[in-house]
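Visitor: Below is the structure I would like to discuss, written out as structure tokens.
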Amino acid sequence: MPCMSQPEKILILGAGRVAAPIVKYLLRKKYRVTVASEFLFEAELILENNPLGEAVEWHSDEEAKLNALVYNNHVVVSLLPYTFHNLVCRACIKQKRNLVTTSNEQPGMEDMYEDALKSNITILNEIGLNQGIDHMWASEMMAAVKHRGGKIEKFISVCGVLPSRESLDNPFRYKFSWNPLEVMRASSSEGTYLKNKEVIVLDPSQLMKNIFAVKIRGLGKLEAYANQNSLKYISLYNIPEVETFFRGTLRYKGWCEVIDTLIEAGYLSEEPFPEHIDTYAGLTSYLTQIGKISNLRDDFIEKLKLKTHSKAIMAMEWIGLFSRDSFTTKVHNPLTVLTSKMHSRIKMLPCDKDLVVLNQQLLFSLPDGQKKMINGVLRRMGNDIQRTAIADSVSYPAALAAELLLHDKIPQKGIIRPVYPEIYQPILKKLKKDFKFKFKEIELSADHWPQGW
């Protein structure tokens with residue numbers, strides 16, 4: 001076991017775009033930091049030859065090496081995709097080390113809860129932005145309402161990572177700061193939520209057709225669509241009485257219309273297409289069964305009953321889905337072709353700035369019969385492609401959680417999420433004070449609640 005008289009040692013798994021803020025913060029605090037990545041140079045770039053840092057090349061199939069890395073550190077922070085978290089969780093249980101992750105709890109992880117308890121460790125999941133900051137802020141809001149004797153009736157939480165207004169220069173009104181594959185998969189998934197006591201289930205073909213407007217000062221009207229299954233968080237927040245519970249993704253107006261058309265056209269499918277198809281026009285024609293490409297744009301408009309100058313047609317034409325240009329892709333499915341093209345055409349440029357927006361609305365009733373709502377807005381702007389708002393918003397909560405675990409400030413054991421005051425109170429306080437996160441809340445009359453919700 002690492003000697004506790006030495007500086008505390010933290011293992012960071014992953015050296016992607018969100019890793020830099022957490023690594024630099026922990027090094028400033030004089031912790032020893034090991035960064036493990038499948039690409040050694042990425043870890044070395046982040047550490048910048050700091051004497052307290054160590055870069056290690058590690059691949060997900062090297063289980064013995066993972067166990068050794070976990071054993072030699074006091075706390076593990078996984079910035080890996082959630083599909084790797086069960087692997088990391090098993091290593092932490094075996095080596096009796098606390099774990100922090102920033103993304104969704106991987107299916108099957110709940111089966112390790114008892115093992116985590118037996119090892120007397122904490123596996124803290126969903127401590128990034130969304131999920132993470134949203135959980136903590138919602139828990140704080142709800143605790144304040146309950147302290148007043150209030151009853152939570154409705155809750156809406158929407159979050160988005162957007163390009164800043166000055167970086168909007170394409171008809172998609174969006175930009176990717178990394179590979180768009182997972183973003184597009186989420187845009188064509190099933191959505192489930194509770195609306196006025198009714199469970200709403202949207203299949204992928206209906207997801208982008210069921211959106212609602214969110215007006216945020218300084219940004220105007222944005223659009224929100226359901227973010228997968230919201231229902232599982234009702235029990236997490238301990239509000240069984242709630243009548244509306246919705247978690248959604250924010251986008252600028254226009255994105256949902258474009259993606260809905262791409263879904264209808266078949267471009268978000270992962271089914272293989274014939275190998276002889278190697279042009280965008282050929283693929284669009286094949287997917288829509290138009291049959292010829294000589295007048296493809298107009299035939300497409302007629303087939304899908306679209307307007308000639310609709311946002312969707314402008315976006316598809318701009319990105320080249322009606323062109324006879326050839327594509328090359330190792331995976332022969334429409335989604336891969338689309339996301340490869342998106343990555344080249346609508347990625348963040350070095351001078352672009354990203355914008356994190358989180359809007360949480362809470363309707364509640366008080367013992368005296370009054371009904372009120374709280375509207376909370378968090379906005380954070382990045383500096384450029386290297387210093388992004390999304391990296392700060394994912395990294396800093398995880399860094400602060402790791403510190404809490406190092407100093408035995410989190411009493412809960414097992415597999416948990418950050419809905420406990422011992423976690424969210426100190427982290428939210430430090431985000432505001434040390435990192436200048438601005439959580440703006442206003443209490444309003446119930447008349448301001450979104451109509452129909």
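Bear in mind that the values in this text are calculations on the coordinates, not laboratory data. Computed from a predicted structure; not experimentally measured. Cβ: placed from backbone, ideal geometry, glycine included. Neighbour counts: every protein chain shown.
Visitor: Counting Lys and Arg as +1 and Asp and Glu as -1, each charge on the Cβ, what is the dipole of the range 310-379 about the Cα centre in debye, to the nearest 20?
Guide: The calculation lands at about 60 debye.
Visitor: Can you order the peptides 126-132, 444-450 by their average number of other Cβ atoms within 10 Å per residue, highest first?
Guide: Highest-to-lowest ranking by the protection proxy: 126-132, 444-450.
Visitor: Can you give the extra length, in nm with one decimal, that the chain gains between Trp318 and Leu304 once fully stretched, where that is 0.36 nm per residue apart less the Cα-Cα distance?
Guide: 3.2 nm
Visitor: Report the chymotrypsin sites (Phe, Trp or Tyr not before Pro) located in the range 26-113 that are in a DSSP loop and have at most 15 other Cβ atoms inside 10 Å of their Cβ, or state none.
Guide: Phe39
Visitor: In addition: Tell me whether the range 258-383 comes out rounded, prolate or oblate; compute the Cα gyration tensor, take square roots of the eigenvalues as a ≥ b ≥ c, and use a/c under 1.5 as the rounded threshold.
Guide: Since a/c reaches 1.5 and a/b is larger than b/c, the shape of the range 258-383 is classed as prolate.
Visitor: About the Cα centre, and with charges only on the beta carbon of Lys, Arg (+1) and Asp, Glu (-1), how big is the dipole of the range 109-168? Nearest 20 debye, please.
Guide: 440 debye
Visitor: Using 0.36 nm times the number of residues separating Asn120 and Glu270, minus their current alpha carbon distance, what extension gain do you get?
Guide: 49.8 nm
Visitor: Which of rounded, prolate, oblate describes the range 351-427, given a ≥ b ≥ c as roots of the alpha-carbon gyration tensor eigenvalues and a/c under 1.5 marking rounded, otherwise prolate only if a/b is larger than b/c?
Guide: Oblate, since a/c reaches 1.5 and b/c is not below a/b.
Visitor: Right, here's the next one. Less than 15 Å Cβ to Cβ from Ile319, Lys/Arg counted +1 and Asp/Glu -1: what total charge do the surrounding residues give?
Guide: +4
Visitor: OK, next. For an R0 of 25 angstrom, estimate the FRET efficiency from the Cβ-Cβ distance between Asp408 and Tyr71 and round to the nearest 0.05.
Guide: 0.85
Visitor: Please work out the C-alpha center-to-center distance from the range 327-391 to the range 245-302 and express it in whole Å.
Guide: 23 Å
Visitor: Show me 8-20, 420-432 ranked by packing, highest mean number of other Cβ atoms within 10 Å first.
Guide: Packing order, densest peptide first, comes out as 8-20, 420-432.
Visitor: Which FRET efficiency value, to the nearest 0.05, do you get for Ser294 and Asp384 by plugging their Cβ-Cβ distance into 1/(1 + (r/R0)^6) with R0 = 30 Å?
Guide: According to the calculation, E is roughly 0.10.
Visitor: Same structure, new question: Filter the chain for me: DSSP H helices, axial length by Cα at least 18 angstrom, mean Kyte-Doolittle hydropathy not below -0.5. List them by residue number.
Guide: Membrane-span-like by this rule: 133-147, 389-406.
Visitor: Quick check of the Kirkwood formula: for the range 111-168, what is the inverse mean of 1/r over all pairs of different Cα atoms, in Å?
Guide: When all Cα pairs of the range 111-168 are included, the Kirkwood radius is 14.8 Å.
Visitor: Now for a different question. Which value in nm describes the separation of the simple spin-label points at Arg28 and Asn50, placed 7 Å from the Cα toward the beta carbon?
Guide: Roughly 1.0 nm, to one decimal.
Visitor: Once you place label points 7 Å from the Cα toward the Cβ at Lys221 and Lys94, how far apart are they in nm?
Guide: 5.5 nm
Visitor: Scan around Phe212 for amide H atoms under 5 Å from its own, H built in the peptide plane at 1.01 Å from N, and keep only partners 5 or more places away or cross-chain.
Guide: So Phe212 has HN proximity to Ala224.
Visitor: Next up: Could you tell me which residue out of Val356, Val419, Leu378 lies farthest along the dipole of the chain toward its positive end? Charges go on the beta carbon: Lys and Arg +1, Asp and Glu -1, centred on the Cα centre.
Guide: Looking along the dipole axis, the top candidate is Leu378.
Visitor: Between the DSSP loop rule and a limit of at most 10 other Cβ atoms within 10 Å, which trypsin sites (Lys or Arg not before Pro) in the range 350-422 are left?
Guide: none
Visitor: Next question. With a Förster radius of 60 Å, plug the Cβ-Cβ distance of Glu166 and Tyr113 into 1/(1 + (r/R0)^6) and report the FRET value to the nearest 0.05.
Guide: Efficiency for this residue pair is about 0.80.
Visitor: If neighbour count is taken as other Cβ atoms inside 10 Å, put Ile290, Ile416 in order from fewest to most.
Guide: With the fewest neighbours first, Ile290, Ile416 line up as Ile290, Ile416.
Visitor: Please give, to one decimal in nm, the separation of the simple spin-label points placed at Lys330 and Ala446, each 7 Å out from Cα toward the Cβ.
Guide: Between Lys330 and Ala446, the label points sit 5.7 nm apart.
Visitor: OK, next. Test of the criteria: in the range 27-111, which trypsin sites (Lys or Arg not before Pro) are in a DSSP loop and have at most 12 other Cβ atoms within 10 angstrom of their Cβ?
Guide: Passing sites in the range 27-111 are Lys30.
Visitor: Rounded to the nearest 20 Debye, what is the dipole magnitude of the chain about its Cα centre when Lys and Arg each give +1 and Asp and Glu each give -1 at the C-beta?
Guide: 1560 debye
Visitor: Next up: How large is log10 I(q)/I(0) at q = 0.18 Å⁻¹ when the Debye formula is applied to the Cα atoms of the range 143-293, each weighted equally and without solvent?
Guide: Log10 I(q)/I(0), no solvent term: -1.14.
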